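Scroll down for the structure; my scribbles are underneath it.
The values are calculated or read from the model by the stated rules, or taken from the named source; none is laboratory data. What you are looking at is a predicted structure, and each value in this text was computed from that prediction instead of being measured. Glycine also receives a Cβ, built like all others from the backbone with ideal geometry; neighbour counts cover every protein chain displayed.
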Amino acid sequence: MTVVIRTENVWKTYSQGTPRQVDAVKDVTIEIEEGTIAALGGPSGSGKSTALSLIGLLTRPSKGKVFLGNDEVSGLSEVFRTKMRRDTIGFIFQTQYLIPQLTAIENVALPLLCTDTSRSEAEKKARERLISVDMDHRLDFRVAQLSGGELQRVSIARALMNNPRILIADEPSSSIDEALTMELLNTLRTMVDEEGMTVVVASHDPMVLEWADVRHLMHDGQIV
Amino acid sequence: MGVRKHSDLASYALGNVLKYRTRSVAIILALFISTSILCSVEFIREGVVSDVSASVDEGPDIVVQRLIGGRQVPIPDSWITNVTNTTGVRTATPRVWGYSDVGSGSLLTVMGVNATEYGNMIGTVGTDILDDGRFLNESDYRKMIVGHGIVDMMAASAMPLQVQVGTLLSLVTYDDELVEFEVIGIFDSDSQIYSYDMILTDLGSAREVLGYENSTFTDIAVWTNFGSDLNSVAFRLDTGIAEARVLTSDAISDSMLKAYTGRAGVTALLWLVVLLAVVLLAFTASSAGSEEARREVGLLKALGFDTVDVLEIRMFESITLSLLGVSLGISFAIIFDFILGAPLLAGYILGWGLVLLPGGIPLAISLSTIFTVYAVGLIPILVAAVVPSWRNAITEPDVVLRGV
């Protein structure tokens, strides 16, 4: 199968050159194949979220290289990295990062506002995405009016708005119960099967790790 | 990317303005208050400045008075020759002026002039005669030319009188006698402060009303030769005539402005303080002070918004808030000044000068003032909101979102 994500000896150091310097990711090399679900496991502080940020082009490696497909993307300018995030990657964040003043449908439509899609088209597509995650009864509800599971589903719907090739999910089960986690995992599995996307998920939840096709365990910033 | 994207971003920004209601109302209200203060004062200050400018334009280049013991006293006619013979003087004509009333209790400015000399000074106050009236002649006695204030005042009096050419008006003299004058003209003037309630008459009649002895005057109005340096002529007059107080048109303008707009600076300072509060408010509400706004920028970047997209959103928000706040402030100031007559504020700004403004407070709006107000309202808010967002937008989304 085709390797869609590859990291080569990647390091991420925060507060470099200061007394507070932290090596969050150390010399990580992984390969993730297209159409698979890969999990990064490990305890809190092991570097999972930072590794996801590196793969998702939310931050640059301090050392090493990140490839998406055959393209080395870690050295690209911010404009190109932003474009790649817009066109290629979908994010499910640990704390969802939904905008509280917006309704579910407005939150989901958000990624298309920076494209040439009209607002009405964006909201139509957002409606379809929300319906596909069983949120048709909460379309016009504000974030504060939604439960933890509903927030997570809105977050999934938003992540899928740009039809991403790669979906990145950071601790997707952290704020939901076991039943909802199972429901979420089934939804993601359907996406992979039907749309052929690649999912990279960071979690310390054994259920999520068990469910993934491939597992990479991290400890103290390194793959173990 | 086409227009559609920009309209979507604008629509999102407008949505933000409506959704962050408390923040939006706070900024608009603060801008409204600061702009109202600034404009209410500025319209009065600008009105006074243009009125003073018109007064000075309609007056002589130099006024020569006589001071004895620090008090102004009448000038003997022997001074006229001295002044006229001073190098650089084109015309020097004596004036007799003071205050009188027509029995209504309102003081009017009565000015006696030499009809020929004064009338030859084109553009001088009182010479722009309306309709079928005429200027004074050398032989005129107890004839008067009146400003619009006299016409307005008599029309609004308890026994209304429509003043026109041929109307007879009596002035109360210094010794409480009534002296009858015939109106021979009504003059137009750009100034409300000094000529609105003015009566022009001949020197002899003015002396009778004001109690001046024959061959004495209040002051001498001097027009200099074209090309002469005003200050040099003034200096020569000052040094050449003992007891003379020489006032140039610039000095007159300065003292008039000080009398009428001395307190505008205090209000401008108050406006500056309020505007600073608005800027701080906008800065706090922007990505710099608000965790929520900072995270929003990080999220937008993570979702694929370019830095310019983020800045465009923040600019639309700031411009909408600023335009709304400033426009409301200007509108309020127009109503407050032009319709309500700037109650309290006019008294504070103009002080005792207010009692000398029977024509009402002079007001003016200029495009440059409006432009300046929009600029000083808009630019600081724009900078306070956009710069922190720009700083967050150029930071890696991971750092902004996770705060690492």
Residues of the range A:34-93 being small (Gly, Ala, Ser) and part of a helix (DSSP H, G or I), in sequence order, are A:Ser49, A:Ala51, A:Ser53
Verdict on A:Pro100 being assigned to a loop (DSSP other than H, G, I, E, B) and not polar (S, T, N, Q) = yes
Pair list, Cβ < 6 Å and 6+ apart or interchain, from the range B:1-23 residues that are more than 8 Å from chain A (Cβ to nearest Cβ) to residues that are modelled with pLDDT of 85 or more | B:Ala10/B:Phe316; B:Ala13/B:Ile313; B:Ala13/B:Phe316; B:Ala13/B:Glu317; B:Val17/B:Ser24; B:Val17/B:Glu317; B:Val17/B:Thr320
Pick from A:Lys83, A:Lys63, A:Lys48: which is more than 11 Å from chain B (Cβ to nearest Cβ) and either surrounded by fewer than 21 Cβ atoms within 10 Å (Cβ to Cβ) or in contact with a Lys or Arg (Cβ under 9 Å, 6 or more places away or on another chain) (or both)?
-> A:Lys63
So A:Ala24, is it in contact (Cβ under 8 Å) with a residue 40 or more places away in the chain and outside any strand (DSSP E or B) | no
Filter the range B:386-404 for residues that are assigned to a helix (DSSP H, G or I) and surrounded by fewer than 17 Cβ atoms within 10 Å (Cβ to Cβ); the one that is nearest to the other protein chains (Cβ to nearest Cβ) is B:Val399
Looking only at the range B:299-326, count how many residues are of a type outside the set (D, E, K, R) and more than 10 Å from chain A (Cβ to nearest Cβ).
-> 12
Restrict the check to the range B:160-169 and report whether at least one residue is surrounded by 13 or more Cβ atoms within 10 Å (Cβ to Cβ), more than 29 Å from the chain's Cα centre (by Cα) and in a strand (DSSP E or B).
-> yes
Criterion (farther than 30 Å from B:Ile37 by Cβ and either in contact (Cβ under 8 Å) with a residue 40 or more places away in the chain or surrounded by 14 or more Cβ atoms within 10 Å (Cβ to Cβ) (or both)) met by exactly one of B:Leu203, B:Leu257 = B:Leu203
Somewhere in the range B:21-38, is a residue at pLDDT 90 or above, in a helix (DSSP H, G or I) and in contact with a strand residue (DSSP E or B) (Cβ under 8 Å, 6 or more places away or on another chain)?
-> no
